[in-house]
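The values are calculated or read from the model by the stated rules, or taken from the named source; none is laboratory data. For clarity, every value in this text was computed on a predicted model and none was experimentally measured. Here the Cβ is made from the backbone with ideal geometry for all residues, glycine too, and neighbour counts use every protein chain on show. The area values use the complete protein model at the heavy-atom level, side chains included, leaving out ligands, DNA and RNA. Shrake-Rupley method; radii C 1.70, N 1.55, O 1.52, S 1.80 Å.
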Amino acid sequence: SSVLVKRHVSEIGSVWFQNLVLPVSNNSIITSKLSIIEVFSAFNRRKREASISQIDYNDFAKDFSAVSNNEYHLLDLTRSIMVESQRLLETHPLRAGDSVQLATAIYARNMLQNAQLSAPIFLASDDKLLNAAIAEGFATDNPLLHP
């Protein structure tokens, strides 16, 4: 979800991610519905820390709501994702939310491959999460490597 924030808040990797989600790129964003809560948490933290104004917050929140409802594929937290998340927590040094995000990505990858579509690339800004994704067989990218 930290990557999704970059679409709205200008920071390292923002331009890279904004280009990645342009319609001409033909890319799709698949993420957990948990991302909605995590992105609003990030916006509110920035507002509390005064790195964004209330007006910015309102604009970002409105834009994110529209984008997430219309452009992202948001997956529910299912029983199988919960079981996979627990396995990931027992295997890798992850936080709860990160395990849900990676478990959701594993679920999405399986769905895509069953439909004979290419595997997704896992995007994150957190090294522990990226290392776990690599260990789980994902190609990864980090927006912090794209200033």
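In the stretch 110-126, the qualifying residues are those that are more than 14 Å from the chain's Cα centre (by Cα) and not aliphatic (A, V, I, L, M), and the one that is modelled with the lowest pLDDT is Ser118.
The sole residue among Val9, Val3 that is open to solvent by less than 40 Å² (accessible area, probe 1.4 Å) and in a loop (DSSP other than H, G, I, E, B) is Val9. Checking each residue in the stretch 61-95 for being under 13 Å from Ser32 (Cα atoms) and part of a loop (DSSP other than H, G, I, E, B) picks out Asp76, Leu77, Thr78. If only residues of the stretch 43-60 that are open to solvent by less than 80 Å² (accessible area, probe 1.4 Å) and part of a helix (DSSP H, G or I) are counted, the one that is farthest from Asp126 (Cα to Cα) is Asn58.
Restricting the stretch 16-34 to residues that are among the hydroxyl-bearing types (Ser, Thr, Tyr) and in contact with an Asp or Glu (Cβ under 9 Å, 6 or more places away or on another chain) leaves a set whose member that is nearest to Ala108 (Cα to Cα) is Ser32.
Count of the stretch 1-39 residues, restricted to those that are small (Gly, Ala, Ser) and under 19 Å from Ala119 (Cβ atoms), is 3. The residues on offer are Asn131, Asn142, and the sole one that is closer than 22 Å to Val5 by Cα, within 16 Å of the chain's Cα centre (by Cα) and open to solvent by 80 Å² or more (accessible area, probe 1.4 Å) is Asn131. Being over 18 Å from Thr140 (Cβ atoms), of a type outside the set (Phe, Trp, Tyr) and open to solvent by 50 Å² or more (accessible area, probe 1.4 Å) is not true of Leu75.
Only residues that are open to solvent by 20 Å² or more (accessible area, probe 1.4 Å), in contact with a Lys or Arg (Cβ under 9 Å, 6 or more places away or on another chain) and within 15 Å of Ala135 (Cα to Cα) were counted across the stretch 90-118, and they come to 4. In the set Ser32, Ser28, only one residue is open to solvent by less than 50 Å² (accessible area, probe 1.4 Å) and of a type in the set (Gly, Ala, Ser); that residue is Ser32.
If you go through the stretch 119-128 and keep only what is open to solvent by less than 60 Å² (accessible area, probe 1.4 Å) and either in contact with an Asp or Glu (Cβ under 6 Å, 6 or more places away or on another chain) or of a type in the set (A, V, I, L, M, F, W, C) (or both), you end up with Ala119, Phe122, Leu123, Ala124.
Considering each residue of the stretch 35-42 in turn, at least one proves to be surrounded by 15 or more Cβ atoms within 10 Å (Cβ to Cβ) and of a type outside the set (A, V, I, L, M, F, W, C).
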